[in-house]
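Just below is one structure, and these are the notes that go with it.
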Amino acid sequence: MTATLTETSAPAPAPAPSAAAAPAGPLDDARSQLAEAAQVLGLSDGMQRMLATPRREVTVSIPLRRDDGSQDLLIGHRVQHNFSRGPAKGGIRYSPHVDLDEVRALAMWMTWKCALLDVPYGGAKGGVRIDPRAYSTAELERVTRRFTSEILPLIGPERDIPAPDIGTDENTMAWMMDTYSVNHGHTVLGVVTGKPVALGGSLGRASSTSRGVVDVALAALESRGLAPDSTTAAVQGFGKVGRGAARFLAEAGVRVTAVSDQYGAVVGTSGLDVDALEAHVDATGTVVGFDGADEIDGAALLELDVDLLVPAAVEGVLTAENAPRVRARVVVEGANGPTTPEADAILADAGALVVPDILANAGGVVVSYFEWVQANQAYWWTLPEVEARLRERMLGAWTAVREYATSRDLSLRTAATAMAVERVATAHRLRGLYP
Ligand code: NAD
């Protein structure tokens, strides 16, 4: 009962590796990181161009009937960057800033993340250009069901498995799963991950990205001789990733002195009461206005005098412009792509340790993989089982990346990307080119 796609667009090939234009956005950043890893690995130009180009991408329009009876038209994308190691995997983003190049970059990073953590997936990403806060829950459900219908032939437990990202959550996944299942005539739990636990979700999935960020952050701090109880941290973004990261850092004894969201930032040098802050955000929808903290400009959070900085919001926030003023000694990327290559170089010269996104925030896809395995086997694991397996994967990857970086005198990002790219390139070579 699989529908047939009537319109797809062939992905534009990546420019030749030698065409080194100035990086200008997430896709340029992702391709520049790939180029650096390809150089370390001595990859051929042909292999590098193939890895820089998505395997498949689709752009769809999503007509929406608004609650007031008027009609809106939204644009959505799904990009499948690679399938060499298994079905594609990656989140669905609802944001007014979504564009095709951003989705392409995020899909490529998913491929490297899955390979680095050795989960048997390729990479994908999707997005709808929409400000979810401007739409009712009923409207968001209609958007989700129509978007799912439009990409239906591309997704499936053995094809491409979406998950939540910015602006989406477990409800979005429940609607996607239901739409897919209704169209297939039976319930297919493995088509998405990040579902509600009552509907085939995994225990521990909702907090998994934040848990992984904090597991790796504590290991990174330790590598710099910093004990949690003598460490301060600032967290940018107070959504699914940033909020959990702040909570787990505080539980580990780290003094979380500043947090931000898209509306502003709050700082309290003696440490924020994260429980009270969460209650404030639940009540008001923003960190702004939190009692007992001073308000600062959102951008200023990145330059505070803290030991640990966790950017957990959006891409491209640490740039050549502000990187010279970043004082944190350790930066752990909860977000995807928060640091541009120019900022990376500046931070490295200043002696800061940057733990890259494809390692630091991989906890989400690791537990998504656990959720998919559990759904496919119809057998559920306990929370301690999930969390122990997650920690083992995260710390194993941290140790492997660190050793690879140290032995070759590379940054953690180049080491992590090279390790991942090598696994994907090996899968390509073993499968061969068809025909
Ligand atoms: P979310 O929508 O739950 O939260 C995003 C948060 O960032 C919100 O608090 C929002 O107000 C804030 N924000 C947006 N723009 C900002 C800005 N300019 N400055 C400060 N704050 C800003 O999204 P999320 O799921 O927490 O995702 C955050 C990042 O983590 C994204 O880069 C996403 O791709 C990445 N990520 C998410 C997961 C996951 O499991 N959700 C997994 C891996 C990586």
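Structure notes:
- Across the stretch 68-84, the qualifying residues are those that are over 26 Å from T137 (Cα atoms) and within 19 Å of the chain's Cα centre (by Cα), and the one among them that is most open to solvent (accessible area, probe 1.4 Å) is F83.
- Single residue of A163, A134, A174 found to be open to solvent by 40 Å² or more (accessible area, probe 1.4 Å) and within 16 Å of the ligand (Cβ to nearest atom): A134
- Hey, T426 within 21 Å of V331 (Cα to Cα) and either hydroxyl-bearing (S, T, Y) or open to solvent by 20 Å² or more (accessible area, probe 1.4 Å) (or both) or not: no
- Filtered residues of the stretch 215-271 (kept if closer than 17 Å to A328 by Cβ and acidic (D, E)): E222
- Counting only helices (runs of 4 or more DSSP H) that sit completely within the stretch 292-379, those holding 3 or more residues that are under 30 Å from M177 (Cα atoms) correspond to 357-360, 363-377.
Conditions (1) near the ligand (Cβ under 10 Å from one of its atoms); (2) over 15 Å from the mean Cα position of the chain (by Cα), marked per residue:
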site	(1), (2)
G289	no, yes
I296	no, yes
A299	yes, yes
L302	yes, yes
L308	no, yes
E315	yes, no
N322	no, yes
R327	no, yes
V332	no, no
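- Looking across the stretch 238-287 at every residue that is hydroxyl-bearing (S, T, Y) and either over 22 Å from P132 (Cα atoms) or outside the structural domain of L309 (by TED's automatic domain parsing) (or both), the one that is nearest to the ligand (Cβ to nearest atom) is identified as T257.
- Residue that is within 24 Å of I166 (Cβ to Cβ) and either crowded, with 18+ Cβ neighbours inside 10 Å or at pLDDT 95 or above (or both), where the choices are A233, A276, A293, A219: A233
- V188 being in the same structural domain as G244 (by TED's automatic domain parsing) and either touching a residue at least 24 places away in the same chain (Cβ under 8 Å) or of a type in the set (A, V, I, L, M) (or both): no
The values are calculated or read from the model by the stated rules, or taken from the named source; none is laboratory data. Remember, it's a predicted structure, so these values are computed and weren't measured experimentally. As a convention, Cβ positions derive from the backbone with ideal geometry for all residues, glycine included, and neighbour counts pool all protein chains shown. What goes into the accessible areas is simple: the full protein's heavy atoms, side chains included, and nothing from ligands, DNA or RNA. Shrake-Rupley method; radii C 1.70, N 1.55, O 1.52, S 1.80 Å.
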